[in-house]
Amino acid sequence: MRLVFDSLTGNVRRFALAVSREAGGVPVGSVRDAPPAPGEPFLLLTYTFGQGEVPASTAAFLRSHAGGLRGVVSSGSYHWGENFGRAGDRIASEFRVPLVARLNKGGTVSDREQVTRWVRSHLSGGGETYGTLD
Amino acid sequence: MTRTPFTATNWSEPEDSFSVTFYEKYTSQLWFPEEIPLSNDAIVWKSLTEAERWTYMHASAGLNALDTLQGEVGMPALRGLVPGHIRKATLQFQGMMEDIHARSYSLMNKTFLSTTEERAVFAWVEAQPQLQFKIAFIGDVFADPDTSDFGLWRKMVVSCMLETALFYSGFYYPLLMAGQGRMVSAGEIFNLIILDEAVHGVYVALLAQERFEALNDAQQAEALAWFDGALDTLYRNELAYTDTLYARVGLTEDVGRFIRFNFNILADNLGLERRFPDEDINPVVLNGIRTRGTTHDFFSAKGSSYAKLNVEPLADEDFAELWPERPAVAHD
């Protein structure tokens with residue numbers, strides 16, 4: 001399991017780095033420069049822009065790497081009401097993966113704990129599925 | 001003597017990866033207060049208690065002063081100092097939006113208040129010590145002749161403090177009321193203003209992060225110490241202002257929580273550590289943010305729930321859908 005983030009203001013990058021650390025050094029990289037190996041499972045962490053849109057850089061990344069996507073975390077701004085963090089809902093429904101957390105900007109301590117728990121549970125047990133056809 | 005030639009704005013080769021997106025965002029969410037009729041609220045206004053009306057009108061008048069400061073002083077100061085035609089255009093657009101906000105508050109006053117009440121509330125703005133302190137503190141940073149990276153960063157930071165944190169003592173009450181189903185059209189205007197300010201706060205914070213990155217370690221430490229001091233001074237001033245506005249409606253504590261929540265968002269935008277512990281905010285206030293406007297006409301639909309309408313040319317497929325080549329066969 002690896003963490004892949006897309007970040008504009010740095011909030012998602014900082015959140016991803018913190019989760020990686022707290023989960024015991026899980027590999028982490030950005031959609032731009034550290035793509036996962038084909039089929040390697042990963043958690044995507046991204047942000048929301050416009051009217052609840054998926055950032056173009058995230059969409060481009062998913063066009064070639066969706067195979068390993070296991071879950072999504074989306075950051076947004078609470079000001080947007082129903083569109084708050086909506087990129088996450090869109091990705092979750094399009095790729096049929098769980099929306100692990102919706103962050104208001106950089107997220108809270110409890111958001112971080114929740115995502116770290118999710119990542120840990122996918123490191124041990126059913127999450128790691130190298131070599132199988134799932 | 002040779003002059004440096006004046007250059008034109010090249011939108012095909014932007015100076016960074018994000019300014020064009022923000023500029024386009026602003027053009028797509030541009031709105032005017034005249035688009036939202038307030039007549040339903042004028043009836044609700046009369047049903048409010050005197051204390052409720054007092055808090056509402058003074059919260060809004062304070063916001064008018066702060067948006068005037070941003071439109072007239074803050075955004076022009078940043079626009080003058082930030083290099084890049086597209087960045088300058090984006091900041092100037094933001095300044096114009098602030099002026100629209102100030103006009104919105106004034107139009108709401110005009111709708112709900114008598115001329116005598118209106119004059120009294122504008123006089124209150126001039127005499128309110130915490131409001132004037134806040135304006136003077138921030139105005140001094142904008143006027144500071146230091147235009148080094150550190151000086152520019154400070155100007156951007158106080159701009160973000162307004163957009164992302166210091167407006168929220170004022171936003172609280174109209175959001176709470178809208179969340180309770182009262183003053184919902186005015187609440188729609190406040191929501192539109194909040195969406196604008198939320199994006200301004202992100203944009204200027206991105207510019208600020210660049211200036212912060214340009215500082216060396218010692219300067220960054222100095223910058224952070226300045227930030228802590230300024231935040232502490234303005235936060236304490238804000239609590240006193242909040243007490244003046246909200247004590248009579250018994251909400252001082254709850255507004256304090258909302259202010260700390262928004263100061264944490266400010267820190268997130270600036271890429272700094274959050275200064276306050278995580279707290280939940282009043283769900284009724286959140287409900288005020290989520291309240292869907294019902295007053296928009298179809299063609300001017302904007303806001304958090306609507307996109308500006310796009311036009312696309314008719315294509316053959318559109319007709320094929322209406323008049324399929326083969327007649328539809330009944331399913332049985």
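The values are calculated or read from the model by the stated rules, or taken from the named source; none is laboratory data. From a predicted model like this one, the values you see are computed outputs, not experimental measurements. Counting neighbours? That spans all protein chains shown, and the Cβs are built from the backbone with ideal geometry, glycine included. For the accessible areas, the whole protein counts, side chains as well, though only heavy atoms, and no ligand, DNA or RNA atoms are used. Shrake-Rupley method; radii C 1.70, N 1.55, O 1.52, S 1.80 Å.
Considering only protein heavy atoms and a probe of 1.4 Å, how much of the accessible area of chain B is carbon and sulfur, as a whole percent?
Result for chain B: 55 percent of the exposed heavy-atom area is carbon or sulfur.
Would you mind counting up the charge near B:I86? Only other residues with Cβ under 10 Å from its Cβ, with Lys and Arg at +1 and Asp and Glu at -1.
My count for the surroundings of B:I86 gives -1.
Using a 1.4 Å probe, what is the accessible area per residue for the stretch B:19-320, in Å²?
Ligands and nucleic acids excluded, the figure is 40 Å² per residue.
Comparing the chain by itself with all protein chains present, which residues of the stretch B:175-202 are at least 30 Å² less accessible (probe 1.4 Å)?
B:L195, B:A198, B:V202
Residues of B:2-11, mean number of Cβ from any other protein chain within 10 Å of their own Cβ, rounded to a whole number?
0
I want to verify the translational diffusion coefficient of the stretch B:19-320 in µm²/s; compute it with Stokes-Einstein, Rh as the Kirkwood radius over Cα pairs, at 25 °C and 0.890 mPa s.
122 µm²/s
Determine the relative contact order of chain A: mean sequence separation of Cα pairs under 8 Å and six or more apart, normalised by residue count, in whole percent.
25 percent.
Extending each Cα 7 Å along its Cβ direction at B:D99 and B:E117, get the distance between those two points in nm, one decimal.
Label at B:D99, label at B:E117, 2.9 nm between them.
Can you give me the angle between helix A:86-95 and the longest principal axis of chain A, using Cα atoms only, in degrees from 0 to 90, rounded to the nearest 10?
Once rounded, one gets 40 degrees.
Report, in deg cm²/dmol and to the nearest 500, the calculated mean residue ellipticity at 222 nm for the protein assembly as shown, where each DSSP H run with n ≥ 4 adds -39500 (n - 2.57) and the sum is divided by the residue count.
-19000 deg cm²/dmol
How much FRET efficiency would the formula 1/(1 + (r/R0)^6) give for B:S39 and B:E72, where r is the Cβ-Cβ distance and R0 is 41 Å, rounded to 0.05?
Computed FRET efficiency for B:S39 and B:E72: 0.85.
Please report, as a whole percent, how much of the solvent-accessible surface of the stretch A:22-134 comes from carbon and sulfur atoms (probe radius 1.4 Å).
So the carbon and sulfur contribution to the accessible surface is 52 percent.
With label points built 7 Å along Cα→Cβ from the Cα atoms of B:F6 and B:L314, find their separation and express it in nm.
Rounded to a tenth, the inter-label distance reads 4.6 nm.
Take every Cα pair under 8 Å in chain B that's 6+ residues apart, average their separations, divide by the length, and report that relative contact order as a whole percent.
Across chain B, relative contact order equals 23 percent.
With both partners inside the stretch A:2-122, how many of the DSSP beta bridges are antiparallel, as a percent to the nearest 5?
5 percent
So, in nm, how far is label B:E279 from label B:L224 when the simple model puts each one 7 Å beyond its Cα toward the Cβ?
2.4 nm
Roll a 1.4 Å probe over the protein heavy atoms and report the accessible area of B:V125 in Å², nearest 10.
Only protein atoms counted, so the area is about 20 Å².
Exactly which trypsin sites (Lys or Arg not before Pro) in the stretch A:11-95 are in a DSSP loop and have at most 13 other Cβ atoms within 10 Å?
Of the trypsin sites (Lys or Arg not before Pro), the ones in loops of the stretch A:11-95 whose Cβ has at most 13 other Cβ atoms within 10 Å are A:R32.
How many lysine pairs are close in the protein assembly as shown, with Cα atoms under 29 Å apart and the two 8 or more places apart or on different chains?
Final tally of qualifying lysine pairs is 20.
Could you work out the pair-distance distribution P(r) of the stretch B:48-204 from its alpha-carbon pairs, with 10 angstrom bin width and percents rounded to whole numbers?
Here the calculated profile for the stretch B:48-204 is 10, 40, 33, 14, 3, 0.
Would you jot down the residues in the stretch B:237-278 that end up with at least 40 Å² less accessible area in the complete protein assembly than in the chain alone, with a 1.4 Å probe?
So the qualifying set is B:I265, B:D268, B:R274, B:D278.
Any chance you could check the stretch A:36-82 for residues losing 50 Å² or more of accessible area when the partner protein chains are in, compared with the chain on its own (1.4 Å probe)?
The answer is A:F49, A:Q51, A:Y78, A:H79, A:W80, A:E82.
In the stretch B:1-109, which chymotrypsin sites (Phe, Trp or Tyr not before Pro) fall in coil by DSSP and have 15 or fewer other Cβ atoms within 10 Å?
Those that pass, being in a loop and sparsely packed, are B:F6, B:W11.
Taking a probe of 1.4 Å and counting only protein heavy atoms, give the total accessible area buried between chains B and A in Å², rounded to the nearest 100.
2100 Å²
Which percentage, to the nearest 5, of the DSSP beta bridges contained in the protein assembly as shown is antiparallel?
The answer is about 5 percent antiparallel.
Counting just the Cα atoms, what span does chain A cover along each of its three principal axes? Round to the nearest Å and put the largest first.
The principal-axis extents, from largest down, are 43, 31, 25 Å.
Cα convex hull of the protein assembly as shown: how many Å³ per residue?
Roughly 223 Å³ of hull volume per residue.
Could you report the stretch A:2-122's accessible area per residue, 1.4 Å probe, as an integer in Å²?
Here the per-residue accessible area is 40 Å².
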